[in-house]
Amino acid sequence: MCEQHNFCCSQIPPHELRISAALPELPVGLLAASPTNALPSQPVSLGGPPCLVIHITVAKDKIYIFSSFPLQRISKLYPGDHDRLRRMSLIEEGNVKKINMAHLCIVGSHAVNGVARIHSEIIKKTVFKDFYHMDPQKFQNKTNGITPRRWLVMCNPGLAEVIAERIGEDYIHDLDQLKKLLDFVDDDAFIRDVAKIKQENKLKFSAQLEEHYKVKINPSSMFDVHVKRIHEYKRQLLNCLHIITLYNRIKTEPNKSWTPRTVMIGGKAAPGYHTAKMIIKLITSIGDIVNNDPVVGDRLKVIFLENYRVTLAEKVIPAADLSEQISTAGTEASGTGNMKFMLNGALTIGTMDGANVEMAEEAGEENLFIFGMRVEDVEALDKKGYDAISYYNRIPELKQAMDQISAGFFSPSQPDLFKDLVNMLMHHDRFKVFADYEDYIKCQEKVSALYKNPKEWTKKVIYNIAGCGKFSSDRTISQYAREIWGMEPSLEKIAAPDDPR
């Protein structure tokens with residue numbers, strides 16, 4: 001980021017690429033295009049911040065020279081295949097020549113890896129298929145991980161202690177030992193202890209929420225949490241549609257025994273990403289109506305968690321009951337928030353996307369709330385053509401929710417405030433919110449039903465915690481070290497530069 005210019009990519013889509021080596025001769029800044037679609041290409045003659053212009057100018061000639069070597073190799077391997085040469089070139093031809101940053105990274109690296117198994121397969125099969133066919137040995141998978149020291153021991157010491165009482169403390173450095181908790185799934189004392197710690201965390205966080213947001217929170221309600229970057233592909237809008245649907249159902253049948261929920265959505269929008277900012281505005285506007293409706297009372301509350309950051313995450317994650325991981329299948333690289341919630345005893349409602357796939361394998365798919373299209377379903381719908389209006393016309397509750405947003409029910413002083421969001425969802429939604437709406441609503445009904453049975457809910461929580469071993473960053477870093485960096489990991493502590501020698 002140039003300090004004198006607000007120069008950044010405002011809409012960073014999915015499919016993140018991790019590069020494990022750099023070109024020794026090229027400026028490091030040129031290899032910093034981590035997400036494949038964030039800065040897919042840069043004009044050779046680039047205006048903008050002086051720091052970037054100088055960067056590109058210095059490197060341009062080297063890139064032109066460097067780009068000839070892979071082209072020569074491609075020509076030998078695939079003689080006469082000019083279309084392949086064009087697809088794999090580092091320089092995109094056209095009215096304005098552009099440097100394909102992702103291709104530059106791949107060619108200049110000795111290893112390329114995705115950060116979850118499904119992500120790595122997408123990279124190989126679609127995004128960088130040509131490069132994979134040429135150098136299959138270069139492509140690997142390194143599923144992300146989280147550190148249990150921060151994301152359990154530090155932020156949730158009560159749960160860490162309850163676990164240690166059953167299986168000892170060695171799990172902190174060997175998270176696979178959490179599998180031992182499977183012996184305690186039917187242990188009533190352990191079930192009570194896990195549930196008690198969760199409720200204590202919720203009481204603490206409720207008090208903080210009430211002080212900050214001046215909204216009365218029911219600590220016995222389900223804490224339904226959706227925290228991550230605000231982006232269309234992460235589908236905070238799908239969550240909004242569920243909130244509106246639940247609100248409408250409570251208003252229609254106020255005497256029914258509803259499972260109370262406190263829905264928390266948090267995250268930041270990139271500075272120039274208008275749609276993301278309007279999503280935040282919609283969330284807060286829904287909250288203004290729902291939180292002040294006496295008919296609804298404490299059965300539904302909506303909070304937008306402002307300034308979401310690590311220190312806030314360390315409070316909300318231990319208190320969460322339900323973790324929302326609802327991106328369109330095939331769009332999330334991995335996710336790590338999903339792992340943090342899982343380790344801290346939240347159940348996941350999610351699509352088969354990113355690391356959710358491996359989480360379901362480790363904990364048992366029956367212990368997560370999986371819904372929606374799979375990657376192959378999304379691909380089939382792309383070929384057929386996604387028609388949002390057909391879902392709108394077919395599903396009455398979806399139509400009602402969209403009509404309320406469109407008519408200004410949640411923005412009475414500015415009835416057309418959300419017209420751009422409505423237009424996007426109805427006509428230009430790349431992430432197919434309506435296609436998963438019906439299944440999402442049905443899955444949320446299963447969530448509500450199970451939450452009324454605390455013992456069975458907590459059993460699933462224990463299965464999830466026991467399945468977290470794979471998702472330790474210790475495992476991830478060890479794999480990077482052995483399989484990419486060519487070194488053996490060590491537990492030896494290295495002195496900081498300012499430590500006395």
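Here are some notes:
- In segment 481-494, the residues that are in a loop (DSSP other than H, G, I, E, B) reach residues that are small (Gly, Ala, Ser) with C-beta atoms within less than 8 angstrom, at least six apart or across chains, in these pairs: MET487/ALA481; GLU488/ALA481; PRO489/SER478; PRO489/ALA481.
- For segment 406-431, a residue qualifies if it is polar (S, T, N, Q), surrounded by 13 or more Cβ atoms within 10 Å (Cβ to Cβ) and under 14 Å from ILE289 (Cβ atoms), and exactly one does: SER411.
- Any hit, segment 162-178, residues being closer than 24 Å to PHE223 by Cα and either over 27 Å from the mean Cα position of the chain (by Cα) or surrounded by 18 or more Cβ atoms within 10 Å (Cβ to Cβ) (or both): yes
- Considering segment 40-115, the qualifying strands (runs of 3 or more DSSP E), each wholly inside and each with 1 or more residues that are open to solvent by 20 Å² or more (accessible area, probe 1.4 Å) and modelled with pLDDT under 95, run over 41-43, 98-100.
- Boolean, ASP176 is without any contact (Cβ under 8 Å) to a residue 60 or more places away in the chain and either assigned to a strand (DSSP E or B) or more than 30 Å from TYR440 (Cβ to Cβ) (or both): no
- ASP382 being within 25 Å of VAL127 (Cα to Cα) and either open to solvent by less than 10 Å² (accessible area, probe 1.4 Å) or part of a helix (DSSP H, G or I) (or both): yes
- Comparison of THR143, THR126 shows that the only residue that is over 26 Å from ASN307 (Cβ atoms), assigned to a loop (DSSP other than H, G, I, E, B) and of a type in the set (S, T, N, Q) is THR143.
- Among residues of segment 385-405, those that are among the small types (Gly, Ala, Ser) and either in contact with a Cys (Cβ under 7 Å, 6 or more places away or on another chain) or open to solvent by less than 30 Å² (accessible area, probe 1.4 Å) (or both), counted: 2
- Count of segment 217-256 residues which are more than 24 Å from the chain's Cα centre (by Cα), outside any helix (DSSP H, G or I) and touching a residue at least 60 places away in the same chain (Cβ under 8 Å): 3
- In the condition set (1) open to solvent by less than 50 Å² (accessible area, probe 1.4 Å); (2) closer than 24 Å to PHE369 by Cβ, GLN199 is compliant with all but (1).
- Restricting attention to segment 423-435, the residues being over 13 Å from GLN236 (Cα atoms) and either assigned to a helix (DSSP H, G or I) or not charged (D, E, K, R) (or both) number 6.
The values are calculated or read from the model by the stated rules, or taken from the named source; none is laboratory data. Quick caveat, the model's predicted, so the values are computed rather than measured. FYI the Cβ positions are ideal-geometry reconstructions off the backbone, even for glycines, and counts take in every protein chain you see. With ligands, DNA and RNA removed, areas are computed over all heavy atoms of the protein, side chains included. Shrake-Rupley method; radii C 1.70, N 1.55, O 1.52, S 1.80 Å.
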